[in-house]
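The values are calculated or read from the model by the stated rules, or taken from the named source; none is laboratory data. Note that this is a predicted model, so its numbers are computed, not measured. When we count neighbours, we look across all protein chains shown, and the Cβ atoms used for this are built from the backbone with ideal geometry, even at glycine.
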Amino acid sequence: MRNLEIDENVQRGIMNHRSLKHPNIVEFKEVLLTPTHQGIVMEYAEGGELYERICKAGKFSEDDAK
């Protein structure tokens, strides 16, 4: 990373996520920067990774997907 700068595409994604306000969307909290790393702090979502659940289940019913 270059001098605590955030890539334009990452910055655009952060701005887009910050603007989303919905009970079913994990809330964006903040960005943390160090000289070598960047981190994004999000709201805690209980239940694990959605991707892992989809891979394990194969598919969800419409009711479960809601």
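Suppose we filter Val26, Val41, Val31 for residues that are at negative phi, surrounded by 12 or more Cβ atoms within 10 Å (Cβ to Cβ), among the hydrophobic types (A, V, I, L, M, F, W, C) and not in a loop (DSSP other than H, G, I, E, B); which single one remains?
Residue meeting the stated conditions: Val31.
If you go through the range 1-23 one residue at a time, how many are assigned to a loop (DSSP other than H, G, I, E, B) and within 12 Å of the chain's Cα centre (by Cα)?
1
Any idea which residue in the range 1-23 is modelled with the lowest pLDDT, counting only those that are surrounded by 12 or more Cβ atoms within 10 Å (Cβ to Cβ) and not polar (S, T, N, Q)?
Going through the qualifying residues, I end up with Met1.
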